[in-house]
Structure formats: structure tokens, C-alpha cells
Amino acid sequence: MTWEAIAGFSSAVIALCAVALTVWQACIARRHNKLSVRPHLTTWTHSDKTNHVYAVDLLNNGIGPAFIKDFKLLVDGHAVVGEGYEPIEKALTILFPQYQYSSQQAFVGPGYSMAANETRQLVVVQFRGTNLPKPEEVDHAIKRVCLLINYSSIYEESFVLDSDALRANLSFQGTRRQVARP
């Protein structure tokens, strides 16, 4: 083998390594770019038991916007249908038929883009009158509700917020986790 053949072979190996390294770096950069704009929807419940006020918030604590594709509410495994605020109003009627309350509702519909670090109060309920639910009753009612939100990232990666899965993860692992589905 001549020096010229060795030099040619070495140049080809170096060029092949350079191409492989460039492809590898491009894959890593794309993965980093996807992660740097990934949304993460979750819920947060809070209460003022003294004033009988209970609220559920929707948060995007991810880095990028969440593009809402679908918003569903289920009570005891059955879909609560309607437009706008109707599903939340109907769910409250199902959950608390024997109590008097005032409420405020919000919803995020298809096409809504929830910015990173944005919070929306989905529902605030204030019970009134002499017949008031115990905090345990309200907690039990919240567990009967499942919130399903299909959303995507700016790279069109699909995700699902499933409040039942969040509760299962909280009780099992002690942390909240996002459920990703292709």
C-alpha cells in the first residue's frame, strides 16, 4: 500500500466521521430545541375553608406555549357535554345538587394558545346558606371529575393532561407528571 492510498483512505475516514458528527449534532440540537419550548399543563386546587371557597386552576408551567386541541370534562366517567362554560356548570349541578353556591367558570377551547407560565382559574365555587358541604365532601367531589385536555407544542408534539393520571401519580410517587401520548 502506498502513502498516497493511505492518505486517501484516511481522508475518506475523516470526512465520514465529520459527516456523522454533524448529523449527530443536528439531532441533539433538534431535541434541545423541542425541549426548550415544551409546554406542561397541570392543575392546582386550592381552598379557603373558612369562607367555603374552592377553586381549580389550570397552569402551563412548561417552557413553551400549549396549543389546545380539545377540552373534555367527565364526571364519574361520563362526558359532560356543552359549549363554553356549560360543561363546568353542568358538572357542578351533578356534584352539588343539594347545596347553594355561586360560581365562576372559565374554559380553554380548541385553538387557544396558553402561554408559558400562564394560569387560568377554571372554576371558583363559594358555598352559601346554612347547609354547607364538609371539606371532605368537596375533596371527594373533585376526585369524581376528570379533566382531559389534548394539547400540542410548537413542534406539534401531542400531549394529554389527564387529571386522573395526575392524582394517581401524586398518590403513588408524590410528584406531578405529564402524560405524553404520540
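Structure values in brief
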read-out: Qualifying residue in the range 2-15 (condition: outside the structural domain of Ser153 (by TED's automatic domain parsing), of a type in the set (Phe, Trp, Tyr) and exposed (fewer than 10 other Cβ atoms within 10 Å of the Cβ)); value: yes
read-out: Sole residue being of a type in the set (A, V, I, L, M, F, W, C) and closer than 30 Å to Asp139 by Cα, chosen from Trp24, Trp44, Trp3; value: Trp44
read-out: Residue among Val56, Val75, Val23, Val80 that is over 21 Å from Cys146 (Cβ atoms) and either buried (at least 17 other Cβ atoms within 10 Å of the Cβ) or not assigned by TED's automatic domain parsing to the domain that holds Val125 (or both); value: Val23
read-out: The one condition in (1) modelled with pLDDT of 90 or more; (2) part of a loop (DSSP other than H, G, I, E, B) that Gly84 fails to fulfil; value: (1)
read-out: Enumeration of residues in the range 23-48 that are part of a helix (DSSP H, G or I), over 18 Å from the mean Cα position of the chain (by Cα) and in contact (Cβ under 8 Å) with a residue 12 or more places away in the chain; value: Asn33
read-out: Residue list for the range 83-115, restricted to those being under 28 Å from Arg38 (Cα atoms) and either of a type in the set (Gly, Ala, Ser) or not assigned by TED's automatic domain parsing to the domain that holds Val138 (or both); value: Gly84, Ala106, Gly109, Gly111, Ser113, Ala115
read-out: Matching residues in the range 124-144 - criterion: being of a type in the set (Val, Ile, Thr) and at pLDDT 95 or above; value: Val124, Val125
read-out: Filtered residues of the range 1-36 (kept if under 30 Å from Ile63 (Cβ atoms) and not hydrophobic (A, V, I, L, M, F, W, C)); value: Thr22, Gln25, Arg30, Arg31, His32, Asn33, Lys34, Ser36
read-out: Residue satisfying all of: in the range 109-151; part of a helix (DSSP H, G or I) and aliphatic (A, V, I, L, M); nearest to Ala66 (Cα to Cα) among these; value: Ile142
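The values are calculated or read from the model by the stated rules, or taken from the named source; none is laboratory data. Bear in mind that the values here come from a model prediction, so they are computed numbers and not experimental data. Neighbour counts run over all protein chains shown; Cβ positions are idealised from the backbone, glycine included.
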